[in-house]
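*Asks:* I'd like to ask you about the structure that follows.
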Amino acid sequence: MSTVSTTPVVSTAPLITRDRVIDWLGITPFIIFALLFLIIPTLYLVVGAFLTPEGNFTLKNIGDLFTPSILSAYWISIRVSVASALGGALIGFFLAWAVVLGGLPTSVRSTLLTFSGVASNFAGIPLAFSFLATLGRTGLVTIFLRDWFGFNLYGTGFNLLSFFGLTITYMYFQIPLMVLILTPALDGMKKEWREAAEILGASNVQYWTKVALPILWPSLLGTTLLLFANAFGAIATAYALTGSSLNIVPILLYAQIRGDVLHNANLGYAIALGMIVITGVSNILYLMLRMRAERWQK
């Protein structure tokens, strides 16, 4: 009678191989960069937000975030971010839909995507100058409307150096970013879904409301959250465009870093911590929704 050996087989393959070491060496520069410019500074800010200038533990810095001036800065930043994210998401969705599902020529799609790749990264001082030269009080469009049509743009109450003006400026890079992120999601819409809906007698409206939008909803909402985080952390464009006339959180934090206007460096760390929490939550929700959208489209 034969017996079966129950001795476990132990793998003798080395845990560390030459190829594995080379793989880790390839990402070492990224790890070092992330540690030096992201992880360590973030930890420093988090710890500093709970310390006094003397180095003692305190919750006063967190409590001071609820003072009227700081709360106002957060509220204006949230409003600008929400407005530019919603505007960018709405216009960007229809642009992406037009080039993917609207039957436009391939050349239009490639041109739009190329432009979106450039425009989504065009921000800061050049973007602020472009809008001042276009929609400022002596801007090209402002003068053209006044001299050719007798329309005084600023007579209507419009002001580029305001909440509405900053929102329009932010939408310049928000719309292309929406196009870039949403185009793959629209590409993932299968023709079989529409054909099945049509066979069952669904109209175009019913297809979009019952099939397409529920599938695209995680991508739409997630990308909108990403646009919100993108606008919430922007400073160069806002500072170059409005200076200190619009009290948003990035400008308040910038002023604190430059001159300690709050007379408490650790309060500046707390303000930065608040921004990290808000943008972090937005990005985490975006990643969760993107994973759900990718599961639907497999």
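The values are calculated or read from the model by the stated rules, or taken from the named source; none is laboratory data. Remember, predicted model here, so these are calculated numbers, not experimental data. Counting neighbours? That spans all protein chains shown, and the Cβs are built from the backbone with ideal geometry, glycine included. For the accessible areas, the whole protein counts, side chains as well, though only heavy atoms, and no ligand, DNA or RNA atoms are used. Shrake-Rupley method; radii C 1.70, N 1.55, O 1.52, S 1.80 Å.
*Asks:* Rank Leu186, Leu287, Gly124 by how far each Cα sits towards the positive end of the charge dipole of the chain (+1 on Lys, Arg Cβ; -1 on Asp, Glu Cβ) and give me just the farthest.
*Replies:* Leu186
*Asks:* Another question about this same structure. What is the dipole size for the chain, taken about its Cα centre, with +1 at each Lys and Arg Cβ and -1 at each Asp and Glu Cβ, in debye to the nearest 20?
*Replies:* Computed charge dipole of the chain: roughly 340 debye.
*Asks:* Would you mind computing Rg(Cα) / (2.2 N^0.38 Å) for the stretch 166-223, counting N as its residues?
*Replies:* 1.41
*Asks:* What fraction of the Cα pairs in the stretch 222-298, stated in percent, has a spacing above 17 angstrom?
*Replies:* Pairs farther apart than 17 Å: 55 percent.
*Asks:* While we're here: For Leu51, enumerate residues with amide H under 5 Å from its amide H, sequence gap 5+ or separate chain, H modeled in the peptide plane.
*Replies:* The list, which skips near neighbours in sequence, is Thr58.
*Asks:* Hey, another quick one. Helix-only estimate, please: 222 nm mean residue ellipticity of the chain, summing -39500 (n - 2.57) across DSSP H runs of length 4 or more and dividing by its residues, to the nearest 500.
*Replies:* Value at 222 nm, helices only, nearest 500: -22500 deg cm²/dmol.
*Asks:* Counting only C-alpha contacts under 8 Å and six or more residues apart, can you give the relative contact order of the stretch 67-295 as a whole percent?
*Replies:* Result for the stretch 67-295 is 32 percent.
*Asks:* For the chain, give the percent of accessible area contributed by carbon and sulfur heavy atoms, probe 1.4 Å, rounded to a whole number.
*Replies:* Reported share for carbon and sulfur atoms: 70 percent.
*Asks:* Taking N as the number of residues in the stretch 57-205, what value does Rg over Cα atoms divided by 2.2 N^0.38 Å take?
*Replies:* Dividing the Cα Rg of the stretch 57-205 by 2.2 N^0.38 Å gives 1.44.
*Asks:* Residue separation times 0.36 nm, minus the C-alpha to C-alpha distance between Phe129 and His263: what's the value?
*Replies:* Residue separation times 0.36 nm, minus the Cα-Cα distance, leaves 45.0 nm.
*Asks:* Starting from the Kirkwood Rh over alpha-carbon pairs, what translational D in µm² s⁻¹ does the stretch 153-298 have by Stokes-Einstein at 10 °C and 1.306 mPa s?
*Replies:* It diffuses with D of about 87 µm²/s by this estimate.
*Asks:* While we're here: Considering only protein heavy atoms, what per residue accessible area in square angstrom results for the stretch 67-295 with a 1.4 angstrom probe?
*Replies:* In whole numbers, the stretch 67-295 has 52 Å² accessible per residue.
*Asks:* Related question: Which whole number of Å³ per residue matches the convex hull of the alpha-carbon atoms in the chain?
*Replies:* It comes to 286 Å³ per residue, whole-number rounded.
*Asks:* Name the long-range amide H neighbours of Asn159: under 5 Å, sequence gap of 5 or more, or other chain; modelled H, no Pro or chain starts.
*Replies:* Sorted by chain and number, the residues that satisfy this are Gly165.
*Asks:* Please name which of Ile31, Leu161, Ile199 has its Cα lying farthest along the dipole of the chain towards the positive end, using unit charges on Cβ (Lys, Arg +1; Asp, Glu -1) and the Cα centre as origin.
*Replies:* Projecting each Cα onto the dipole axis, the largest value belongs to Ile199.
*Asks:* Ok, one more. Output the DSSP H helices from the chain with an along-axis C-alpha extent of no less than 20 Å and a mean Kyte-Doolittle hydropathy no less than 0.0.
*Replies:* Answer set is 18-34, 68-100, 163-187, 213-232, 265-296.
*Asks:* Which residue, Gln256, Gln206, Gln174, tops the fluctuation ranking in a GNM of the chain built on C-alpha contacts under 10 Å?
*Replies:* Of Gln256, Gln206, Gln174, the most mobile in the Gaussian network model is Gln206.
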